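Visitor: Here it is: the structure, laid out below.
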Ligand SMILES: [Fe+2]
């Protein structure tokens, strides 16, 4: 579970402060503060090493927040919640830089929240039923999500998505996400090289498979499906 400190930090970044944190419920406005990492940097090892988490959270994710705060100063985005910025800037070519950084700030909060140090628990209940019905079962879903991650050309994300309760898989480039376009992501796997290159070099598929098999907190994924 998340610590109270982490949840309060989440509120500062526009994330629900009660129950499981859900970044699509965005409240706060700028300046946005990166939420605390909800576990120790070495907690995801060996699937994701301490060094990768240190750089990924402490440098890459932090930089998206800093750049976003620099960019939104003096603009209408300054008064908006983080999630609203993502959605509002998604279709505006002139605001692409804001979208890229807001998207990546949001995506990574979503990313860190979904992991469970010490091992995964299999999905159950309504989530498992939906995976069986829409995606051919857990094993096929994992195989197809690895394939979706492999299909992302360059940097991006692979997602398990709910669109009004129907599950699907997709890949998105850069800082884009299903959330930016009104759908509900349930699980997001970062396939930028910074997420895996130190640990897996070019073996993106091995990384994604290991993430799915060992550190996903399926309780968080199920909670996200409830909306
Ligand atoms: Fe990343």
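Visitor: Between residue 198 and residue 133, what length in nm is gained on full extension when 0.36 nm per residue of separation is reduced by their alpha carbon distance?
Guide: Gain in length upon complete extension: 19.7 nm.
Visitor: Scattering from the C-alpha atoms of the chain alone, worked out with Debye: what is log10 I(q)/I(0) at q = 0.12, 0.16, 0.17, 0.18 1/Å?
Guide: -0.60, -1.12, -1.28, -1.45
Visitor: Taking the Cβ-Cβ separation of residue 63 and residue 94 as r and a Förster radius of 25 Å, what is the calculated FRET efficiency to the nearest 0.05?
Guide: It comes to 0.70.
Visitor: Could you compute the FRET efficiency for residue 54 and residue 181, with r as their C-beta to C-beta distance and R0 at 45 Å, rounded to 0.05?
Guide: Here the calculated transfer efficiency is 0.90.
Visitor: Let me ask another. Over the chain, what relative contact order in percent results from Cα pairs under 8 Å that are six or more residues apart?
Guide: It rounds to 20 percent for the chain.
Visitor: Let me ask something additional. If you fit an axis through the alpha-carbon atoms of helix 204-214 and take the longest principal axis of the Cα set of the chain, what angle between them do you get, 0 to 90°, nearest 10?
Guide: On a 0 to 90 degree scale, this one is about 80.
Visitor: To continue, here is another question. Cα atoms only: what Rg and Dmax, in Å, come out for the range 125-225?
Guide: So, for the range 125-225, Rg and Dmax equal 12.9, 37 Å respectively.
Visitor: Between residue 164 and residue 226, with labels modelled 7 Å along Cα→Cβ, what's the label distance in nm to one decimal, could you check?
Guide: It is 2.3 nm.
Visitor: Rounding to the nearest 10 and keeping the result within 0 to 90°, find how far the Cα-based axis of helix 96-113 lies from the longest principal axis of the chain.
Guide: Relative to the chain, helix 96-113 is tipped by roughly 50 degrees.
Computed from the coordinates by the stated procedures, all read-outs in this text should not be read as laboratory data. Given the structure is predicted, the values throughout are model-derived calculations rather than measurements. Glycine also receives a Cβ, built like all others from the backbone with ideal geometry; neighbour counts cover every protein chain displayed.
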